[in-house]
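Only one structure is covered here, and it is reproduced in the block below.
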Amino acid sequence: VGERDSFGGCYLALCARPVHFEKANPVNCVFFDEANKQVFAVRSGGATGVVVKGLEDKNPISFRMEDKGEVKCIKFSLGNKILAVQRTLKNVVLPEKRSLKLLKNQSINVNWYMYCPESSVILLSTTVLGNVLQPFYFKSGTMSKLSKFEIELPAAPKSSKLSLSERDIAMATIYGQLYVLFLRHHSRTSNSTGAEVVLYHLPREGSCKKTHILKLNRTGKFALNVVDNLVVVHHQDTETSVIFDIKLKGEFDGTTTIHQFVLPPRSIQPYQIPVAGPASVTSQSPVPCKLFWLSRLYYSSKLIWCFTPLNQGYLWNLQVKLEPVVNLLPDKGKLMDFLLQRRECKMVILSVCSQMLREPGRGSLSVIATVFDKLNHEYKKYLEAEQSYTMVVEAGQSRNNPPLKRPVRTQAVIDQSDMYTHVLSVFTEKKEAPHKFTIAVLMEYIRSLNQFQIAVQHYLYELVIKTLVQHNLFYMLHQFLQYHVLSDSKPLACLLLSLESIYPPAHQLSLDMLKRLSTANDEIVEVLLSKHQVLAALRFIRGIGGHDSISARKFLDAAKQADDDMLFYTIFRFFEQRNQRLRGNPSFTPGEHCEEHVTFFKQVFGEQALMKPTTF
């Protein structure tokens, strides 16, 4: 791969603040603790100092130890409470007694072992060939023996000697499941060239099975990382890396899924290494990061080692950059499948959606529909999990069941507010696309929400209506409302009411919608009164049987504002008759605050026009 090609669109980068340490030499020994992600620099057996640094540690830990010989291994317990130092091959020592206690032992011939701190599983290589692996699981001071399994070697070995090396095996947690990764330098199939990574799923219960094969399509020296549930494979000869996502669809042969790398090979983004250490202001131009290839395959977390010519060591977190992926993966459906599984994906996904709608070619509606469906599928899963959690909490959790955890809202949950704020409202405001395409996009998103039975928020309907009005597409608006393409809501009815001046039928459409809601009676009355349709409001309220409890003053106010004496007379007389029927007296009580209207009635129609009490 040419230098220009390998650096263009780098999707892998190193963290901004690495751990810096002195390279190993006859005086200084360097150790790495995979569980705590800490680097130990031990000078003179600890007598002249031990410095411990971690990527997450704000301040390094420094101390001295008595020099009792060569340090073979040194580590802290989780939380840095206990320091363990191994100086000989056999050292058995409880913390309070500064010794260890033997809890359980197993008799087994072991070629080599590997421990995964994330899952508390140790893997032992057994048999002459070394390809039968025996896992053990540690939890709360107990050790459980899991089912052993056999690693398929590339070809039948010619001699009875160790054929599976520790450097070709790794363990990693991917999408919450533990896998054993085997770097097979030659494929078992005759028609395939190049190395491959074989993944064996190792469950807590049941047998370990081969589930995935990652095709590298090249030979040479490799190293692995697992970052954000992606398997990253580095190739030493070309100084490039590729990534695999086992969640993406591959070629399934009935038992195993075969995957090609998701993106073209690229080098890790160049990093500026200071000439005189990290505190130096002067630095070189960006140069390719030369990886430090360990004696065994280095997997573990997402870490990269590097040494400079000045004997300075660096330890970085490896990171995946999502922005360059957008241009390297043209298939929008596959791109969404990839992005939705990443931790920091929300803003990149929203950016992809915006770009898809505004680019000159513009995505076809079928592609846009596919993207919307993938987003709403994740959205629906979260809503269902949240609903289930709420139901269990409200019902009261059983004492026998473990505590229920509230669903975690990941960045893959793109809700209606996100789409409205960052994509759809911006898209409609710019008015760059033909209005028919704009409306089709809005309706496609609403269609997708309905398909997943997600209640559509009223502001999306309002966006559709405003877009239709801007382009004078009132006939389409009428059809959408008539055939209930736009769901009824009070805010929507109010919006329709505001359109009456430019589209008179909107008034009746609004009232019809409010009537269908059945819980919007007060709103209907207010709408009619605001339009001085006092008699219509009174007829409506009588029709639903609410005329005995309505406010007389509210209706008299509206009748007076209409500047129609006969209308005022009719409404005034109606409430007089109501008073007579309910209380046996047509007069208004002081609590109704209608004195002003009684005075006005006398002035216009005379006091003799007031209704007299009727006695029986």
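Is it true that some residue in the range 167-187 is aromatic (Phe, Trp, Tyr) and outside any strand (DSSP E or B)?
Yes: one or more hits.
Can you find a residue that is open to solvent by 10 Å² or more (accessible area, probe 1.4 Å), within 23 Å of His478 (Cα to Cα) and touching a Lys or Arg at 6+ places or on another chain (Cβ under 9 Å) anywhere in the range 537-551?
So far as the range 537-551 goes, no, none of its residues is open to solvent by 10 Å² or more (accessible area, probe 1.4 Å), within 23 Å of His478 (Cα to Cα) and touching a Lys or Arg at 6+ places or on another chain (Cβ under 9 Å).
Tell me which residues, restricted to the range 169-187, are more than 18 Å from Thr256 (Cα to Cα) and either open to solvent by 80 Å² or more (accessible area, probe 1.4 Å) or modelled with pLDDT under 90 (or both).
His185
Considering each residue of the range 43-77, count those that are β-branched (Val, Ile, Thr), closer than 30 Å to Gln319 by Cβ and buried (at least 16 other Cβ atoms within 10 Å of the Cβ), and give that number.
4
Answer yes or no as to whether Leu357 is at pLDDT 95 or above, open to solvent by less than 40 Å² (accessible area, probe 1.4 Å) and part of a helix (DSSP H, G or I).
No, not satisfied.
Could you run through the range 334-348 and say how many residues are surrounded by 14 or more Cβ atoms within 10 Å (Cβ to Cβ), assigned to a helix (DSSP H, G or I) and touching a helix residue (DSSP H, G or I) at 6+ places or on another chain (Cβ under 9 Å)?
7
On the given criteria, is Gly194 farther than 26 Å from Lys139 by Cα and either open to solvent by 10 Å² or more (accessible area, probe 1.4 Å) or touching a strand residue (DSSP E or B) at 6+ places or on another chain (Cβ under 9 Å) (or both)?
Against the criterion (farther than 26 Å from Lys139 by Cα and either open to solvent by 10 Å² or more (accessible area, probe 1.4 Å) or touching a strand residue (DSSP E or B) at 6+ places or on another chain (Cβ under 9 Å) (or both)), Gly194 qualifies.
Would you point out the residue of the range 121-166, among those that are open to solvent by less than 80 Å² (accessible area, probe 1.4 Å) and acidic (Asp, Glu), that is farthest from Leu103 (Cα to Cα)?
Glu152
Going by the conditions given, is Gln608 modelled with pLDDT under 95, part of a helix (DSSP H, G or I) and farther than 23 Å from Leu535 by Cα?
For Gln608, the condition - modelled with pLDDT under 95, part of a helix (DSSP H, G or I) and farther than 23 Å from Leu535 by Cα - is met.
Would you point out which residue out of Gln341, Gln451 is among the polar types (S, T, N, Q) and under 25 Å from Leu486 (Cβ atoms)?
Gln451 is the lone residue from the list that is among the polar types (S, T, N, Q) and under 25 Å from Leu486 (Cβ atoms).
Please state which of the following conditions Phe40 fails to meet, knowing it meets all the rest: (1) farther than 30 Å from Ser144 by Cβ; (2) open to solvent by 30 Å² or more (accessible area, probe 1.4 Å); (3) not in a loop (DSSP other than H, G, I, E, B).
(2)
On the basis of being open to solvent by 40 Å² or more (accessible area, probe 1.4 Å) and within 25 Å of the chain's Cα centre (by Cα), does His201 make the cut?
For His201, the condition - open to solvent by 40 Å² or more (accessible area, probe 1.4 Å) and within 25 Å of the chain's Cα centre (by Cα) - is met.
Out of (1) touching a Pro at 6+ places or on another chain (Cβ under 7 Å); (2) part of a loop (DSSP other than H, G, I, E, B), the odd one out for Met65 is which?
(1)
Need a quick list: helices (runs of 4 or more DSSP H) entirely within the range 458-533 having at least 3 residues that are open to solvent by 30 Å² or more (accessible area, probe 1.4 Å) and either hydroxyl-bearing (Ser, Thr, Tyr) or touching a Pro at 6+ places or on another chain (Cβ under 9 Å) (or both).
It comes to 458-470, 474-482.
The values are calculated or read from the model by the stated rules, or taken from the named source; none is laboratory data. Quick caveat, the model's predicted, so the values are computed rather than measured. A quick note on method: Cβ atoms are made from the backbone with ideal geometry, for glycine too, and the neighbour counts reach across all protein chains shown. Areas reflect the complete protein model, heavy atoms only, side chains present, ligands, DNA and RNA absent. Shrake-Rupley method; radii C 1.70, N 1.55, O 1.52, S 1.80 Å.
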